[in-house]
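The values are calculated or read from the model by the stated rules, or taken from the named source; none is laboratory data. All values reported here derive from a predicted model rather than from experimental measurement. Glycine gets a Cβ as well: all are built from the backbone with ideal geometry, and neighbour counts include every protein chain shown.
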Amino acid sequence: MSAPVFIAGIGAVSAIGNNVAEHVAAFERSEAGMGAMSLLNSVHSGQLPVAEVKLSNPQLAQQLGLKAAVSRTAMLSMLAAKEALDSAAIPGLNKLRTGFISANTVGGMDRTELFFESFLADPSRGRLKDVIHHECGAVTELAADFLGVKDYISTISTACSSSANSIFFGARLIRNNILDVVIAGGTDALTKFTLNGFNTLMILDQEFCKPFDENRRGLNLGEGAGYVVLVSELVATMLESAPVCTLSGYCNANDAYHQTASSPDGTGSFLAMEGALQRANLTPADISYINLHGTGTQNNDIAEGTAIKRLFDPLYPHMSSTKSFTGHTLGASGGLEAVFSVLAIRERTIFPNLRLQTPMQDLPFVPETMLIKNASVNHVLSNSFGFGGNCSSLIFSKT
Amino acid sequence: MTLYIKGTGNVSPQKTVGHPGFLADGVTHMGTRLACVEPDYKTYIDPKLIRRMSRIIKMGVAAAVDALKESGVAVPDAIVTGTAYGCLEDTGIFLSRMVEQQEALLAPTAFIQSTHNTVGAQIALMLGCNGYNNVFVHRAFSFESALLDAMMLVAENDANTVLVGAVDEITNYSHSILERIGLYHKDIGSNVNLYEEKINGTIAGEGAAFFLLTNEPSTENYAAIRGVRTFYKPTTSQEAETHIRDFLSSNNLTAANIDLVVSGRNGNSAENQVYDEVHTSLFPGNLIVNFKHLCGEYPTATAFATWVAANILKNGVIPGVLNNGVETTLTFRNILIYNHSHNTHHSLILLSAC
């Protein structure tokens, strides 16, 4: 039950890159991915910046070799999961018990909302093929079939912590000797449904978001997909290049405070971080870098910051919110940020928290505002907190 | 990995909520849409909260409350929920208003309650449960994934009690879309005709079932859950049979040790063919009962089947409504639930007497 689980491969697509290498380059340039809407067709275009993946649906379909485009959520998933699996280069993969655990928040909603325009006018109208992949699980299956994985497939949806949960569920399937290899992470495409939903909550910044800034005004929505390939110790020994890190800690806790707001002292966040440290058998002082949940909303950043203060004071590790680059990719964020955590270890780099001008008055620490190279990064804590009080933290440790 | 069912709660198209007895009489439903028999929620939920809750949240909370009350566990160590479709009613409300009002003047409530973790989160909120909370949303694997998660949590010593369950609802939108896809047999008359030879197509169901699982054995428990397995897109019935044999043998059993198969047959002839082949080949002499005439077809119907199997083991009786009016009293040891959805998602749940 406590056998190490190794990260053998990573894959990512977001507004700052269509693969992992492009992400590394964008971080080096400190170049954010937000901008005016160019692919999403919404009345809020021009008012609300978003972080779009810079590939249209036909381009995604072509790149993946699909005959026709399917849900964008599924295509983003295929792109990043394929990159992750290819980069793992696992010998004899077809003889191993392999699983695909993915996460998303609204399934094939990007197509369902098209269907609904016709369907609402006349229930006998609307193309059924636009709605058959509405379910979250249907999106996962499109990607699983594309990858050729069938031994174990599942989907998790716990709002913004979805893909952190899929990663650690995958690790547990390996620790319980149910699987040898798991491709785990999450995906979400921008949809009008989520854009309008977050807009009604009045937590979208009309300019580029400023996580952990005293004058933060909200989040920018983004899209993308991020996956890691988890392997057992035995499979790790079969790999040509040794994995750079393990998933050493994880914990899921519930804030049990409010459906959409975090408790003022960040109870759920605190419990998740503390539990992950215990699982990894580490102390707060061992953590080199925290990849913050850091959405840029008033509520999240103070709750998360307060929980960090309670756990880490007075010695704070490096911290940053990479959502200042990618926007908040919801069901993909835990997967993408897991990839960034692995990159921090592999590249010995601390990514900056962009646009932070005025540190938060109530917090005794300040996230990094500049890229730090040649950093000593041994243990990375990645936070993912969501609606419904669902809080999860993961820890990645250098091998 | 053996867990025990200590308490159950079940809001279904039958009279099951509030523990009125084990399917003493069946509720007949005309047409293709089996709606849940819902309780007076005021006995379950603070009336101030009821107003804001959608139907699926109320159903889920009532089932969870029944399971917790019966088990005497106030706050479980973990809550794991399965839902294939999520909160369809609120999703439909927000989506239709967004389209009709062209993205203007929208209220947040329906969006907030549309997320798939709403039911699990509301239960945690109501109980003040800070423990592990997860939600599986994988079609006809949703409940099975939740069950596996619960079993692993206990095996890992991270929980002694887990509240695990599944919720799914039918809405006007979803029913009309699934009807257009051609899932249902429109001229079925009533649900009791589901297995008649001339029927080709199923009936829609919904439900919320929760179970309080514990690692503590007791003669008071309903049953032991010994294992759960899912397999995806088997290419032949023989492949499905191999999975079933392997699953049984991993639990030190053979098909002959199964006293009762609870089968997911649903009126669709293509789907029934797979059941027929597996039943004939693996379980030729075993007792087999169907359950979907009682709850309808929906992706998390195996949660209803688990409630049925747990009650059969506890009471030592198969009620007449499950078996063509014939009540059967027997000493049951092992029950296997075998379900598949469109020959894509196959699942096995093994329960044994305590």
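Structural remarks
- Among the residues of the stretch B:32-60, those identified as touching a helix residue (DSSP H, G or I) at 6+ places or on another chain (Cβ under 9 Å) and in a loop (DSSP other than H, G, I, E, B) are B:Thr32, B:Leu34, B:Cys36, B:Glu38, B:Pro39, B:Tyr44, B:Ile45, B:Asp46, B:Arg52, B:Met53, B:Ser54.
- Residue that is nearest to A:Asp286 (Cα to Cα) [pool: residues in the stretch A:352-386 that are touching a residue at least 60 places away in the same chain (Cβ under 8 Å) and touching a His at 6+ places or on another chain (Cβ under 9 Å)]: A:Val377
- Checked against (1) touching a residue at least 60 places away in the same chain (Cβ under 8 Å); (2) on the phi < 0 side of the Ramachandran plot; (3) small (Gly, Ala, Ser), A:Gly296 passes all but a single condition, namely (2).
- Among residues that are closer than 22 Å to A:Cys391 by Cβ, surrounded by 24 or more Cβ atoms within 10 Å (Cβ to Cβ), among the hydrophobic types (A, V, I, L, M, F, W, C) and in contact (Cβ under 8 Å) with a residue 12 or more places away in the chain, A:Ala253 is included.
- Only one entry in A:Arg127, A:Arg97 is of a type outside the set (Val, Ile, Thr), surrounded by fewer than 24 Cβ atoms within 10 Å (Cβ to Cβ) and free of Cβ contacts under 8 Å to residues at least 40 places away in the same chain, namely A:Arg127.
- Considering the stretch A:107-127, the residues that are out of contact with any helix residue (DSSP H, G or I) (no Cβ under 6 Å at 6 or more places or on another chain) and either polar (S, T, N, Q) or within 8 Å of chain B (Cβ to nearest Cβ) (or both) include one that is farthest from A:Thr194 (Cα to Cα), namely A:Ser124.
- Being polar (S, T, N, Q), touching a residue at least 12 places away in the same chain (Cβ under 8 Å) and under 22 Å from B:Gly120 (Cα atoms) is a property that A:Thr326 lacks.
- Residue selected from the stretch A:226-265 under the condition within 14 Å of chain B (Cβ to nearest Cβ) and out of contact with any strand residue (DSSP E or B) (no Cβ under 8 Å at 6 or more places or on another chain), by the criterion nearest to A:Phe169 (Cα to Cα): A:Ala256
- Residue among B:Thr306, B:Thr202, B:Thr302, B:Thr230 that alone is assigned by TED's automatic domain parsing to the domain that holds B:Ala64 and surrounded by 16 or more Cβ atoms within 10 Å (Cβ to Cβ): B:Thr202
- Screening the stretch B:216-227 for residues that are buried (at least 18 other Cβ atoms within 10 Å of the Cβ) and away from chain A (no Cβ under 14 Å) and picking the one that is farthest from B:Leu350 (Cα to Cα) gives B:Asn221.
Residue-by-condition table, conditions (1) within 19 Å of B:Phe304 (Cα to Cα); (2) β-branched (Val, Ile, Thr); (3) in contact with a helix residue (DSSP H, G or I) (Cβ under 7 Å, 6 or more places away or on another chain):
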| residue | (1), (2), (3) |
| --- | --- |
| B:Glu169 | yes, no, yes |
| B:Asn172 | no, no, no |
| B:Ser176 | no, no, no |
| B:Glu196 | no, no, no |
| B:Ala208 | yes, no, yes |
| B:Leu212 | yes, no, yes |
| B:Gly227 | yes, no, yes |
| B:Ile244 | no, yes, yes |
| B:Phe247 | no, no, no |
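- Test: residue in the stretch A:51-63 that is under 22 Å from the mean Cα position of the chain (by Cα) and of a type in the set (Lys, Arg): yes
- When the stretch B:123-132 is filtered for residues that are in contact with a Gly (Cβ under 9 Å, 6 or more places away or on another chain) and either more than 7 Å from chain A (Cβ to nearest Cβ) or within 18 Å of A:Gly331 (Cα to Cα) (or both), only B:Ile123 remains.
- Among residues of the stretch B:133-159 being in contact with a Leu (Cβ under 9 Å, 6 or more places away or on another chain) and more than 7 Å from chain A (Cβ to nearest Cβ), the one that is surrounded by the fewest Cβ atoms within 10 Å (Cβ to Cβ) is B:Val154.
- Filter result for A:Asn220 (within 14 Å of chain B (Cβ to nearest Cβ) and crowded, with 21+ Cβ neighbours inside 10 Å): no
- From the options B:Glu277, B:Glu241, residue that is out of contact with any His (no Cβ under 7 Å at 6 or more places or on another chain), within 20 Å of B:Leu194 (Cβ to Cβ) and touching a residue at least 24 places away in the same chain (Cβ under 8 Å): B:Glu277
- Looking only at the stretch B:94-103, residues that are assigned to a loop (DSSP other than H, G, I, E, B) and either at pLDDT below 95 or facing chain A (nearest Cβ under 7 Å) (or both) come to 2 in all.
- Which numbered condition A:Gly9 fails, given (1) under 19 Å from the mean Cα position of the chain (by Cα); (2) exposed (fewer than 15 other Cβ atoms within 10 Å of the Cβ): (2)
- Being part of a helix (DSSP H, G or I), out of contact with any helix residue (DSSP H, G or I) (no Cβ under 6 Å at 6 or more places or on another chain) and over 30 Å from B:Asn157 (Cβ atoms) is a condition met by no residue of the stretch B:6-24.
- Of the residues B:Val17, B:Val61, B:Val27, the single one that is within 14 Å of chain A (Cβ to nearest Cβ) and either crowded, with 19+ Cβ neighbours inside 10 Å or within 30 Å of B:Ile188 (Cβ to Cβ) (or both) is B:Val61.
- Close pairs (7 angstrom Cβ cut-off, 6 or more residues apart or separate chains): over 10 Å from A:Pro352 (Cα atoms) in the stretch A:17-31, surrounded by 13 or more Cβ atoms within 10 Å (Cβ to Cβ) and among the aromatic types (Phe, Trp, Tyr) anywhere: A:Ala26/A:Phe325
- Residue within the stretch B:71-93 that is more than 10 Å from every other protein chain (Cβ to nearest Cβ), among the β-branched types (Val, Ile, Thr) and part of a helix (DSSP H, G or I) present: yes
- Across the stretch B:107-119, the qualifying residues are those that are facing chain A (nearest Cβ under 7 Å) and not hydrophobic (A, V, I, L, M, F, W, C), and the one among them that is farthest from B:Lys58 (Cα to Cα) is B:Pro108.
- A:Ala103 vs. criteria within 8 Å of another protein chain (Cβ to nearest Cβ) and not β-branched (Val, Ile, Thr): no
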